[in-house]
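What follows is a single structure, written as structure tokens, with notes after it.
The values are calculated or read from the model by the stated rules, or taken from the named source; none is laboratory data. All figures in this text were calculated on a predicted structure; none of them were measured in a lab. Every residue, glycine as well, gets a Cβ built from its backbone with ideal geometry; the counts of neighbours run over all protein chains shown. Please note that ligands, DNA and RNA were not included when accessible areas were found on the heavy atoms of the full protein model with its side chains. Shrake-Rupley method; radii C 1.70, N 1.55, O 1.52, S 1.80 Å.
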Amino acid sequence: MWRTLMACIAFCEVIMAAELPKTAAETSNYLSTSRYADVMAFVGAIQRADADIRVETFATTNEGRALPLVIVGPYTPRSARASGKPVVFIMANIHAGEVEGKEAAQMLLRDLVSSHRKLRDDVIVLVAPIYNADGNERISPEHRTTQHGPLNGVGVRENGQGLDLNRDYMKLESPEARGLIANVLNRWDPLLTVDLHTTNGSYHGYQLTYSPTLNPNADEDIVDFERGTLLPHIRAAMKERHGKETYYYGNFVEQLQPEKGWYTFDSRPRFGNNYVGLRNRFTILSEAYSYIDFRARVEVTHEFLHEILAGVDKYGPKMMKIAAKADERIARGKLRKQGVRFKLEKWRDNVEILWEKSTAAEEGQGGPDPWTEKGAIVRTGEIVPMRMTDYGVFAPTEREEVPYVYLIDVAATHAVDILRTHGISVETLDAETTLKVEQFVVKEETHAEHEFQKHHETTLTGKWKSREETFPAGTFLVRTDQPLARLVFYLLEPRSDDGLIDWNVLKQPVWKIEKAVAVAATVVP
Ligand SMILES: [Zn+2]
């Protein structure tokens with residue numbers, strides 16, 4: 001009784017101490033999205049309303065903007081870990097034309113200091129409401145014109161360097177990505193990362209679509225739990241509590257022929273959802289549907305965030321056990337074969353998917369297929385359940401054994417910096433050492449014709465050959481019994497479709513040693 005009374009007094013004081021802020025979307029009647037200054041003012045007001053809210057800067061952009069990480073509760077990374085509570089990290093606005101996540105994340109923060117305080121007993125929430133702040137400040141009504149609002153415009157996809165931050169998770173060329181990995185993922189080790197976007201693909205019947213990690217190298221138990229339990233639970237809650245249809249992200253390969261199937265996107269870890277999977281953690285990509293109006297997109301994203309947190313409230317302890325076991329298996333050296341190349345595959349046949357009925361356009365009518373951007377079609381507004389194959393997963397087409405250790409040339413210091421920013425432990429040989437190693441003998445090296453993210457991506461073909469090699473002192477060494485072993489493999493394998501060879505960071509392949517062997521080496525501090 002006494003406790004309840006005290007809590008009530010504290011709560012009432014909070015309410016009286018400071019008025020809860022409104023978002024720029026709310027105050028403009030959803031004509032505008034928040035500017036960087038609006039978000040910072042909102043976060044400041046939230047802090048004034050609740051002294052337990054902490055804000056850290058996790059990165060500074062090229063244009064000098066400090067990126068806020070809002071910590072809901074009086075936690076440090078150490079006390080968060082000691083609490084035994086699941087940590088959920090929500091990030092918004094990685095693509096600054098896709099703005100409703102930024103609005104919904106602010107609303108969620110307000111809920112967590114007012115109506116939904118109880119959730120904080122069980123879950124630690126971290127929010128990065130404006131990841132691509134530089135892109136956000138280029139707001140113009142000329143951007144994403146097929147998107148239904150906000151009328152006063154949105155920002156751009158790229159950051160201040162012209163890079164797509166959702167392709168930068170492996171090569172880490174932006175200060176935003178380096179800060180995100182070092183100061184959020186490495187320091188806080190979130191159990192679940194949620195990444196908020198907007199999709200303007202096919203015409204379907206879902207207000208929001210979502211995706212778990214899609215890379216088959218992720219831990220099977222994590223993926224199975226997310227696909228088998230967590231996401232179905234959230235989907236059912238969205239339907240029951242909010243009356244909204246949601247499903248796995250995808251597109252019709254042809255809008256006019258939905259029976260050809262529903263296709264997901266990509267398995268490479270340059271995308272955040274796939275990257276987090278390689279860190280043995282849970283991840284949800286959220287894509288609000290860009291053809292519903294801005295207010296509806298903010299609403300559905302806000303509801304989705306609440307249902308995600310409710311899902312973690314329910315399943316958090318179980319998810320933490322699954323993630324801990326995945327880490328343990330790696331520490332025991334149980335990580336074996338992993339893929340280096342992948343192909344899209346059928347997940348399930350005969351799945352009911354909501355299609356917006358569309359017809360071939362008469363001459364001079366309609367618009368192109370939103371996914372293929374070809375032909376001319378007319379939308380009818382009628383949503384029809386259709387049975388089709390869901391091509392929602394990937395499978396390896398080529399695999400390699402995970403070695404005991406990789407060796408990297410003493411001169412490849414830039415590659416080593418990237419590994420270490422990812423949180424990977426790197427050692428150096430104490431003295432000149434002769435070792436029996438596998439060397440990748442290159443047969444062919446090709447560079448992509450088209451530039452992508454300022455790179456012509458490299459593909460090597462070749463063969464591993466055993467040989468004896470003498471390495472100088474200082475040669476870098478990376479072991480695979482460390483927690484981020486899946487990432488080590490993906491970054492260093494010469495045939496990896498998203499590794500440091502692919503991104504032209506490493507100019508020559510690394511060496512590897514398959515079986516455990518004693519090597520005198522010291523961890524780079
Ligand atoms: Zn996006």
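The residue pairs whose first member lies in the range 508-525 and is in contact (Cβ under 8 Å) with a residue 60 or more places away in the chain and over 10 Å from residue 406 (Cα atoms), whose second member is outside any loop (DSSP other than H, G, I, E, B) and of a type in the set (S, T, N, Q), and whose beta carbons are closer than 7 Å, counting only pairs six or more residues apart or on different chains, are 519/433; 521/428; 522/428; 524/428. Quick one: is residue 142 at pLDDT 95 or above, more than 14 Å from the ligand (Cβ to nearest atom) and within 22 Å of residue 291 (Cα to Cα)? Judged against the criteria, residue 142 is not a match.
Here is a yes/no grid of residues against (1) farther than 13 Å from residue 59 by Cβ; (2) among the charged types (D, E, K, R); (3) part of a loop (DSSP other than H, G, I, E, B):
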residue: 143; (1), (2), (3): yes, no, yes
residue: 147; (1), (2), (3): yes, no, yes
residue: 158; (1), (2), (3): yes, yes, yes
residue: 172; (1), (2), (3): no, no, yes
residue: 178; (1), (2), (3): no, yes, no
residue: 181; (1), (2), (3): no, no, no
residue: 185; (1), (2), (3): no, no, no
residue: 194; (1), (2), (3): yes, no, no
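Of the set (1) open to solvent by 30 Å² or more (accessible area, probe 1.4 Å); (2) farther than 30 Å from residue 329 by Cβ; (3) at pLDDT 95 or above; (4) away from the ligand (no atom under 16 Å from the Cβ), all apply to residue 121 but (3). Checking each residue in the range 258-302 for being small (Gly, Ala, Ser), surrounded by fewer than 24 Cβ atoms within 10 Å (Cβ to Cβ) and in a helix (DSSP H, G or I) picks out only 296. Among the residues of the range 367-404, the one identified as in a strand (DSSP E or B), more than 30 Å from residue 466 (Cβ to Cβ), among the small types (Gly, Ala, Ser) and open to solvent by less than 50 Å² (accessible area, probe 1.4 Å) is 367. Screening 214, 185, 231, 208 for residues that are more than 22 Å from residue 280 (Cα to Cα) and of a type in the set (A, V, I, L, M) leaves exactly one candidate, 208. Candidates in the range 181-192 are the residues that are in contact with a helix residue (DSSP H, G or I) (Cβ under 8 Å, 6 or more places away or on another chain) and of a type in the set (A, V, I, L, M, F, W, C); of these, the one that is surrounded by the most Cβ atoms within 10 Å (Cβ to Cβ) is 192. When you check residue 108 against the structure, is it within 30 Å of residue 146 (Cβ to Cβ), among the aliphatic types (A, V, I, L, M) and outside any helix (DSSP H, G or I), yes or no? No; evaluated as a whole, the condition is false for this residue.
Residues in the range 426-442 that are outside any strand (DSSP E or B) and crowded, with 17+ Cβ neighbours inside 10 Å: 426 alone. When you scan the range 169-180, do you find a residue that is in contact with a strand residue (DSSP E or B) (Cβ under 8 Å, 6 or more places away or on another chain), open to solvent by 50 Å² or more (accessible area, probe 1.4 Å) and more than 16 Å from the ligand (Cβ to nearest atom), even just one? Yes; the residues of the range 169-180 include at least one that is in contact with a strand residue (DSSP E or B) (Cβ under 8 Å, 6 or more places away or on another chain), open to solvent by 50 Å² or more (accessible area, probe 1.4 Å) and more than 16 Å from the ligand (Cβ to nearest atom).
Here residue 334 meets the list (1) more than 30 Å from residue 404 (Cα to Cα); (2) open to solvent by 80 Å² or more (accessible area, probe 1.4 Å); (3) in a loop (DSSP other than H, G, I, E, B) almost entirely, failing just condition (1).
Residues in the range 147-168 that are surrounded by fewer than 21 Cβ atoms within 10 Å (Cβ to Cβ) and away from the ligand (no atom under 14 Å from the Cβ): 148, 151, 152, 153, 160, 161, 162.
Name the single residue that is nearest to residue 272 (Cα to Cα) among those in the range 480-525 being open to solvent by 10 Å² or more (accessible area, probe 1.4 Å), touching a helix residue (DSSP H, G or I) at 6+ places or on another chain (Cβ under 8 Å) and β-branched (Val, Ile, Thr). It comes out as 505.
Could we say that residue 98 is more than 16 Å from the ligand (Cβ to nearest atom), in contact (Cβ under 8 Å) with a residue 60 or more places away in the chain and in a loop (DSSP other than H, G, I, E, B) here?
Details: more than 16 Å from the ligand (Cβ to nearest atom): no; in contact (Cβ under 8 Å) with a residue 60 or more places away in the chain: yes; in a loop (DSSP other than H, G, I, E, B): yes.
The answer is no for residue 98.
So which residues in the range 194-213 are within 15 Å of the ligand (Cβ to nearest atom) and over 17 Å from residue 369 (Cβ atoms), if there are any at all?
Going residue by residue through the range 194-213, those that are within 15 Å of the ligand (Cβ to nearest atom) are 194-201, 208-211.
Of everything in the range 194-213, those that are within 15 Å of the ligand (Cβ to nearest atom) and over 17 Å from residue 369 (Cβ atoms) turn out to be 194, 195, 196, 197, 198, 208, 209, 210, 211.
Regarding residue 90, is this residue assigned to a strand (DSSP E or B), within 16 Å of the ligand (Cβ to nearest atom), at negative phi and crowded, with 24+ Cβ neighbours inside 10 Å?
Numbers: assigned to a strand (DSSP E or B): yes; within 16 Å of the ligand (Cβ to nearest atom): yes; at negative phi: yes; crowded, with 24+ Cβ neighbours inside 10 Å: yes.
Spelling it out, residue 90 is indeed assigned to a strand (DSSP E or B), within 16 Å of the ligand (Cβ to nearest atom), at negative phi and crowded, with 24+ Cβ neighbours inside 10 Å.
Scanning the range 60-86 for residues that are open to solvent by less than 10 Å² (accessible area, probe 1.4 Å) and in a strand (DSSP E or B) turns up 67, 68, 69, 70, 71, 72.
Can you find a residue in the range 349-364 that is over 18 Å from residue 254 (Cα atoms), in a strand (DSSP E or B) and touching a residue at least 40 places away in the same chain (Cβ under 8 Å)? No, the range 349-364 has no match at all. Only one of the numbered conditions (1) surrounded by 24 or more Cβ atoms within 10 Å (Cβ to Cβ); (2) touching a Ser or Thr at 6+ places or on another chain (Cβ under 6 Å) is violated by residue 235, and that is (1).
On inspection, residue 229 does not qualify as assigned to a strand (DSSP E or B), in contact (Cβ under 8 Å) with a residue 24 or more places away in the chain and either in contact with a Pro (Cβ under 7 Å, 6 or more places away or on another chain) or not aromatic (Phe, Trp, Tyr) (or both).
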